[in-house]
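S.K.: I'd like to ask you about the structure that follows.
The values are calculated or read from the model by the stated rules, or taken from the named source; none is laboratory data. Please read these numbers as outputs of a predicted model, since none were measured by experiment. Cβ coordinates were reconstructed from backbone atoms using ideal geometry, including for glycine residues, and neighbour counts include every protein chain displayed. Protein only, heavy atoms only, side chains kept; ligands, DNA and RNA dropped before computing areas. Shrake-Rupley method; radii C 1.70, N 1.55, O 1.52, S 1.80 Å.
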Amino acid sequence: QKEVEQDPGPLSVPEGAIVSLNCTYSNSAFQYFMWYRQYSRKGPELLMYTYSSGNKEDGRFTAQVDKSSKYISLFIRDSQPSDSATYLCAMIQGAQKLVFGQGTRLTINP
Amino acid sequence: GAVVSQHPSWVICKSGTSVKIECRSLDFQATTMFWYRQFPKQSLMLMATSNEGSKATYEQGVEKDKFLINHASLTLSTLTVTSAHPEDSSFYICSANLAGNSQETQYFGPGTRLLVL
């Protein structure tokens, strides 16, 4: 079993829709949870970063962490074609290495 | 702020040659730099962690003699793929930590696409 599971998609939604991206994990010691956006042939860009459980909002993006269920989510409101990218969840335990999910390929259709 | 650059952005080489990839933190000092490899439609896999002035720590299954890492300064790390073979073709991405920050705040470079013929 992988430490971090993420549905690779692809996921295709119309412009303006609410997008929900999710990851599950098995290591209960993970403390920091990140979402990265990666455009084709580019490096990942940090979108959101959450410590422990709870919600965090930044503009159209909301990150949720449910440690009891070992489940994290990223919501994108009012999705735009420019949001089309691969979204990677990542998590870390203390000073250990980042562990990435496989990434979900998202397309927002105009 | 917190910009990481990589050079070259892409490289094509013949089998058996060596390729050097540079990773630079442009506007900050990076105590630690990380090297990842990403195959098409797959996630990033950590290859090694390098700290300035010391030997790199390689992940299990990564050959340290094949992937030479040098971290000579707080703003530069290099990855040399020695005697490259077609199976080494991949997208190589580095990241860097701000000095004094914990590992969750990694800033990624734009990646280097390597194609070995």
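S.K.: Out of all the residues in the range B:21-43, which are at pLDDT 90 or above and surrounded by 15 or more Cβ atoms within 10 Å (Cβ to Cβ)?
M.R.: B:21, B:22, B:23, B:24, B:25, B:33, B:34, B:35, B:36, B:37, B:38 - these are the residues of the range B:21-43 that are at pLDDT 90 or above and surrounded by 15 or more Cβ atoms within 10 Å (Cβ to Cβ).
S.K.: Hey, another quick one. Within the range A:4-38, which residues are part of a loop (DSSP other than H, G, I, E, B), under 17 Å from residue B:43 (Cα atoms) and within 12 Å of chain B (Cβ to nearest Cβ)?
M.R.: Matches in the range A:4-38: A:6, A:8, A:9, A:10.
S.K.: Identify, please: which residue in the range A:3-38 is touching a residue at least 60 places away in the same chain (Cβ under 8 Å) and out of contact with any strand residue (DSSP E or B) (no Cβ under 7 Å at 6 or more places or on another chain) and is, among those, surrounded by the most Cβ atoms within 10 Å (Cβ to Cβ)?
M.R.: Taking the candidates together, the pick is A:17.
S.K.: Hey, can you tell me all the residues within the range A:75-97 that are in a loop (DSSP other than H, G, I, E, B) and open to solvent by 10 Å² or more (accessible area, probe 1.4 Å)?
M.R.: Scanning the range A:75-97 gives A:77, A:78, A:80, A:84, A:93, A:94, A:95, A:96, A:97.
S.K.: Of all residues in the range B:2-48, which are under 19 Å from residue A:88 (Cβ atoms) and of a type in the set (Val, Ile, Thr)?
M.R.: Residue satisfying the conditions is B:4 alone.
S.K.: Would you confirm, using the coordinates I've provided, whether residue A:41 is within 13 Å of chain B (Cβ to nearest Cβ) and surrounded by fewer than 17 Cβ atoms within 10 Å (Cβ to Cβ)?
M.R.: Here the answer is yes, as residue A:41 does meet what is asked.
S.K.: All but one of (1) modelled with pLDDT under 95; (2) out of contact with any Gly (no Cβ under 9 Å at 6 or more places or on another chain); (3) more than 20 Å from residue A:4 (Cβ to Cβ) hold for residue B:81; state the number of the condition that does not hold.
M.R.: Evaluating residue B:81 over (1) modelled with pLDDT under 95; (2) out of contact with any Gly (no Cβ under 9 Å at 6 or more places or on another chain); (3) more than 20 Å from residue A:4 (Cβ to Cβ) leaves (1) as the failure.
S.K.: For the condition open to solvent by 30 Å² or more (accessible area, probe 1.4 Å) and part of a strand (DSSP E or B), what is the one hit in B:79, B:68, B:114?
M.R.: It is B:68.
S.K.: For the range A:47-59, what are the residues that are open to solvent by less than 60 Å² (accessible area, probe 1.4 Å), in a strand (DSSP E or B) and within 14 Å of chain B (Cβ to nearest Cβ)?
M.R.: Within the range A:47-59, A:47, A:48, A:50 qualify.
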